[in-house]
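The values are calculated or read from the model by the stated rules, or taken from the named source; none is laboratory data. Here the structure is a predicted model, which means the values were calculated and not measured. Counting neighbours? That spans all protein chains shown, and the Cβs are built from the backbone with ideal geometry, glycine included. Just so you know, the surface numbers come from the protein's heavy atoms only, side chains and all, with ligands and any DNA or RNA stripped out. Shrake-Rupley method; radii C 1.70, N 1.55, O 1.52, S 1.80 Å.
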Amino acid sequence: MFTGLIEDVGVVEALERDGDGAKLRIASSLTGELALGDSIAVNGCCLTAIAVNGDHFETEAMNQTLEVTALDRVEQGSRVNLELAMRATDRLGGHIVQGHVDGVGTVSSIEGDGFARRVRVDLPTQLLRYVVDKGSITLSGVSLTVAELGETWAEVSLIPETLERTNLGDLAPGDRLNVECDVVAKYVERLMSPFARKEQV
């Protein structure tokens with residue numbers, strides 16, 4: 001489990017792709033706290049450290065992960081948001097983030113708003129029902145608040161701290177982002193669905 005508060009922006013030093021998936025070597029200041037087999041969120045996707053050496057670690061993304069996330073767009077030299085799994089004693093400063101990506105959104109516009117930056121993201125139809133105005137959403141592993149909501153998009157407002165400490169400051173229109181919706185909304189839908197079906201009968 002994660003909180004959506006990014007601890008480091010790592011750099012992909014090497015990337016190997018073949019028919020079996022992808023292996024990434026990522027340079028990060030977090031390696032001193034990372035052990036073999038630990039979970040680490042890479043752009044919001046929960047992956048496992050398969051090697052930790054000096055100032056970098058290695059991880060793998062299987063084909064299914066590459067198909068449903070934006071990790072298929074990561075290249076050598078890419079900057080990636082990193083977060084270690086939270087401890088039971090940590091503050092939940094963001095919101096409950098599982099590192100289980102629900103889908104991929106596309107940046108449609110970016111506009112300045114005083115010291116902040118407004119980013120609008122087009123979302124897949126199947127995800128929009130889990131997004132509410134002023135609710136929580138995770139974009140590339142970053143816990144954010146929905147500032148405005150449309151029929152096909154959600155907009156977030158990024159403060160300077162977020163722009164500086166994550167790779168969201170690098171965004172441009174057309175970029176694809178990993179999206180994780182609030183898990184509470186998904187559980188509520190699952191629990192309420194039998195009652196909804198009864199009403200339709």
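Couple of notes before you dig in:
- Unmet requirement for residue 59, which otherwise passes all of (1) part of a strand (DSSP E or B); (2) over 24 Å from residue 94 (Cα atoms); (3) within 14 Å of the chain's Cα centre (by Cα): (3)
- A single entry from 70, 88, 27 fulfils the requirement of being modelled with pLDDT under 95 and either hydrophobic (A, V, I, L, M, F, W, C) or surrounded by 20 or more Cβ atoms within 10 Å (Cβ to Cβ) (or both): 88.
- Enumerated strands (runs of 3 or more DSSP E) restricted to the range 94-187, each holding at least 1 residues that are open to solvent by 60 Å² or more (accessible area, probe 1.4 Å) and among the β-branched types (Val, Ile, Thr): 142-149
This table checks each residue for (1) touching a Cys at 6+ places or on another chain (Cβ under 6 Å); (2) β-branched (Val, Ile, Thr); (3) part of a loop (DSSP other than H, G, I, E, B).
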{"residue": "9", "(1), (2), (3)": "no, yes, no"}
{"residue": "15", "(1), (2), (3)": "no, no, no"}
{"residue": "25", "(1), (2), (3)": "no, no, no"}
{"residue": "29", "(1), (2), (3)": "no, no, yes"}
{"residue": "37", "(1), (2), (3)": "no, no, yes"}
{"residue": "40", "(1), (2), (3)": "no, yes, no"}
{"residue": "49", "(1), (2), (3)": "no, no, no"}
